[in-house]
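Below is one structure; the comments refer to it alone.
The values are calculated or read from the model by the stated rules, or taken from the named source; none is laboratory data. Since this is a predicted model, take the numbers as computed values, not measurements. Positions of Cβ are generated from backbone atoms using ideal geometry, with glycine treated the same way; all protein chains shown enter the neighbour counts.
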Amino acid sequence: MRAGTYGVVCGVAALGLVGSLVAAWARQDALAEEKSVRRAAFAYYSGLLLGDAEQCLGASYPPLVSIRDGKMRVRDEKALRALVSDVAKRTGAPQMHKDDRSRMATRMLQVFDDADVRFLGASTATVVFVVRPRTTDASGDHLGELVLGKGDGKWRVVAEVTDSKPAPPLPDPTEPPPG
């Protein structure tokens, strides 16, 4: 092999190696961002359900946009604290035994591990998760969606979307379409 050809082959191989390393680094960076989004979503939602207003506020940017059954409201810090207090009364979480709270948090962690995370850009992401699974084959899941923004290097919830009725069931991809 001539010296010039050898140099070109080595250059192409080096570029391929550098490209692979850059791609691997970018993938690790993307996975770290996704983990940060999941962690912030979990912190917000577990704070809400377990009655920890400080945790909930620390994982959000009030005023928080809340859309429930298609109706929008804006919750400032005071309204968010009131919501956390109301949810805590309904769930009874603050009075639960430490072990029960731990089990509840573990289940929520699994929910957010299974959630769908989508990046809308470098500083906006959504997390769609199952609030309550379907009860029959004919019904759909109750879903929740959190919209997160990244500011000062930290992901926080800026909006939540929920509905009191389940989403329409998705067709089973393993079954042939009707007709």
If I ask for residues that are over 20 Å from the mean Cα position of the chain (by Cα) and surrounded by 19 or more Cβ atoms within 10 Å (Cβ to Cβ), which ones from segment 76-87 would you list? none
Filter result (in contact with a Pro (Cβ under 9 Å, 6 or more places away or on another chain), under 14 Å from Gly47 (Cβ atoms) and not small (Gly, Ala, Ser)) within segment 61-89: Arg75, Glu77, Leu80
Residue check for Leu143: in contact with a helix residue (DSSP H, G or I) (Cβ under 9 Å, 6 or more places away or on another chain), under 14 Å from Tyr45 (Cα atoms) and among the aliphatic types (A, V, I, L, M): no
Just checking, which of Ser46, Ser60, Ser66 is buried (at least 17 other Cβ atoms within 10 Å of the Cβ), touching an Asp or Glu at 6+ places or on another chain (Cβ under 6 Å) and modelled with pLDDT of 90 or more? Ser66
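For segment 135-159, enumerate the residues that are surrounded by 15 or more Cβ atoms within 10 Å (Cβ to Cβ) and of a type outside the set (Gly, Ala, Ser).
Asp141, His142, Leu143, Glu145, Leu146, Val147, Leu148, Lys150, Trp155, Arg156, Val157, Val158
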What number of residues in segment 38-91 are on the phi > 0 side of the Ramachandran plot and among the acidic types (Asp, Glu)? 1
Report whether or not Ala115 is at pLDDT 95 or above, out of contact with any Gly (no Cβ under 8 Å at 6 or more places or on another chain), within 18 Å of Gly47 (Cα to Cα) and surrounded by 17 or more Cβ atoms within 10 Å (Cβ to Cβ). no
Scan segment 90-105 and tell me whether some residue there is closer than 16 Å to Ala40 by Cα and modelled with pLDDT under 90. yes
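Considering only segment 96-137, state which residues are among the charged types (D, E, K, R) and either under 16 Å from the mean Cα position of the chain (by Cα) or within 27 Å of Gly151 (Cβ to Cβ) (or both).
The initial filter retains those residues of segment 96-137 that are among the charged types (D, E, K, R), namely 98-101, 103, 107, 113-114, 116, 118, 132, 134, 137.
Arg107, Asp113, Asp114, Asp116, Arg118, Arg132 - these are the residues of segment 96-137 that are among the charged types (D, E, K, R) and either under 16 Å from the mean Cα position of the chain (by Cα) or within 27 Å of Gly151 (Cβ to Cβ) (or both).
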